[in-house]
Amino acid sequence: VDFEGTAIVNSTNQACLTGTGVDGAVTAAGGPELAAARRGLPIVKGGSIRCPVGEARSTPAFGSLKCRHIVHAVGPNYSTLLRLDTGDSQLRTAYHNAMEAAMLFPEGPAESIAFSLISG
């Protein structure tokens, strides 16, 4: 969470709300404004899915974060998969979509990006 640059790619859950590990640290550093921005992402599936597996969403960074944006990406949960090749494909797609999101910021493409591991 100390990264100084354009964006941090944060591994999150499909609800795109706070989790544990890096996700929890990013959310804590971003404070209530980041939590509100995450809650403000539109629900696209079911009752709570804001970001399906393999996809990414971005929000501004807030609080004590030293970057300008957070890209929230959802990778597969390998412990619940029936086929590893499905997870591998979803993971590749999540990284690809995170990079795509980082190219679409209002001020232009990201100049620097820090990635956390996307899958669990």
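Only the coordinates and a few stated rules stand behind these numbers; no lab work does. Just so it is clear, the structure is predicted and the values come from calculations on it, not from any experiment. Glycine also receives a Cβ, built like all others from the backbone with ideal geometry; neighbour counts cover every protein chain displayed.
Things worth noting here:
- The set of residues in segment 1-33 being under 21 Å from P106 (Cα atoms), small (G, A, S) and part of a helix (DSSP H, G or I) consists of G30 alone.
- Only listed residue being over 17 Å from D23 (Cβ atoms), in contact (Cβ under 8 Å) with a residue 12 or more places away in the chain and either out of contact with any Lys or Arg (no Cβ under 6 Å at 6 or more places or on another chain) or of a type in the set (V, I, T) (or both), chosen from E111, E55: E111
- Yes/no for L82 being out of contact with any strand residue (DSSP E or B) (no Cβ under 9 Å at 6 or more places or on another chain), in a loop (DSSP other than H, G, I, E, B) and without any contact (Cβ under 8 Å) to a residue 40 or more places away in the chain: yes
- For R38: the one exception among (1) farther than 23 Å from V1 by Cβ; (2) of a type outside the set (D, E); (3) in contact with a Cys (Cβ under 7 Å, 6 or more places away or on another chain): (1)
Residues checked against (1) surrounded by fewer than 13 Cβ atoms within 10 Å (Cβ to Cβ); (2) touching a Phe, Trp or Tyr at 6+ places or on another chain (Cβ under 6 Å); (3) over 17 Å from A102 (Cβ atoms); (4) among the basic types (K, R):
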{"position": "D2", "(1), (2), (3), (4)": "yes, no, yes, no"}
{"position": "G5", "(1), (2), (3), (4)": "no, no, no, no"}
{"position": "N10", "(1), (2), (3), (4)": "no, no, no, no"}
{"position": "T18", "(1), (2), (3), (4)": "no, no, yes, no"}
{"position": "A25", "(1), (2), (3), (4)": "no, no, yes, no"}
{"position": "A28", "(1), (2), (3), (4)": "no, no, yes, no"}
{"position": "A37", "(1), (2), (3), (4)": "no, no, no, no"}
{"position": "P42", "(1), (2), (3), (4)": "yes, no, yes, no"}
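- Candidate set from segment 82-113 (those that are among the aliphatic types (A, V, I, L, M) and within 14 Å of V53 (Cα to Cα)); member that is farthest from the chain's Cα centre (by Cα): L91
- For segment 101-120, residues that are surrounded by 14 or more Cβ atoms within 10 Å (Cβ to Cβ) and either part of a helix (DSSP H, G or I) or acidic (D, E) (or both) total 2.
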